[in-house]
Amino acid sequence: MVWTTALRATDGLARDAGLDLDPVSGRIRVDAALRSAGHPDIYVAGDAAAARAPRAGALRMACATALPTGAHAAGAIIAESRGAEPEPLSFGFVVQCVSLGRHDGLIQPVRADDTPRERVLTGRPAARVKEQVVRSTVRFLKLAARRPAAIRLIPGVG
Ligand SMILES: Cc1cc2nc3c(=O)[nH]c(=O)nc-3n(C[C@H](O)[C@H](O)[C@H](O)COP(=O)(O)OP(=O)(O)OC[C@H]3O[C@@H](n4cnc5c(N)ncnc54)[C@H](O)[C@@H]3O)c2cc1C
């Protein structure tokens with residue numbers, strides 16, 4: 001498979017707010033704790049953040065990075081409200097999941113820096129695994145709303 005797609009942030013709101021944007025991706029530049037560059041009172045998570053982590057390098061736009069950066073930003077805001085210095089984001093990639101219609105897909109374990117490992121699952125089995133990933137993400141969000149400590153279970157966090 002040759003991957004030819006790319007994602008770009010919808011940057012109008014951030015641009016109007018005067019935030020510092022990456023010129024290529026349109027994402028908001030952030031420091032290691034996900035505070036926006038030049039405006040440390042504004043935290044950025046998910047696709048909107050041009051975030052990096054020591055093990056992962058630059059974070060691609062994905063559910064796999066939106067969840068941990070969202071959780072990290074929430075934790076950092078709580079830490080700051082208690083007078084503590086927010087910690088840098090710690091994250092490593094675990095797997096690349098792609099749906100190709102309802103009956104095909106690709107599941108490939110990756111190293112922490114998102115480079116692919118040898119083993120790969122394709123076809124219907126991969127589509128089934130991907131479906132479970134989507135369902136478990138929804139279940140996880142409901143669980144985390146009740147039990148914030150569940151955030152530590154997000155793959156790649158810590
Ligand atoms: C077709 C498709 C397939 C994908 N498949 C995968 C996959 O298999 N695996 C994976 O990891 N990722 C996948 N992604 C990427 C993943 O969906 C995103 O990376 C993830 O949803 C980012 O989460 P987010 O919360 O940062 O942004 P979003 O989920 O985009 O949420 C942003 C929200 O902000 C709202 N918003 C935008 N502008 C404004 C405004 N001015 N005022 C108020 N609200 C606003 C939007 O309506 C939206 O609800 C896919 C994306 C697409 C489009």
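The residue list Ala51, Ala112, Ala9 was ranked by how far each Cα lies along the charge dipole of the chain toward its positive end, using unit charges on Cβ atoms, and Ala112 comes out on top.
Principal-axis analysis of the Cα atoms of the chain puts helix 123-146 at an angle of about 30° to the longest axis.
Cα convex hull, the stretch 11-144: 128 Å³ per residue, rounded to a whole number.
Provide the FRET efficiency to the nearest 0.05 for the Val98-Arg152 pair, computing r from the beta carbons and using R0 = 30 Å. Calculated value: 0.70.
Taken together, the values in this text are just the output of simple stated rules run on the coordinates, not laboratory data. Given the structure is predicted, the values throughout are model-derived calculations rather than measurements. With ideal geometry, Cβ positions are generated from the backbone for all residues, glycine too; neighbour counts draw on all protein chains shown.
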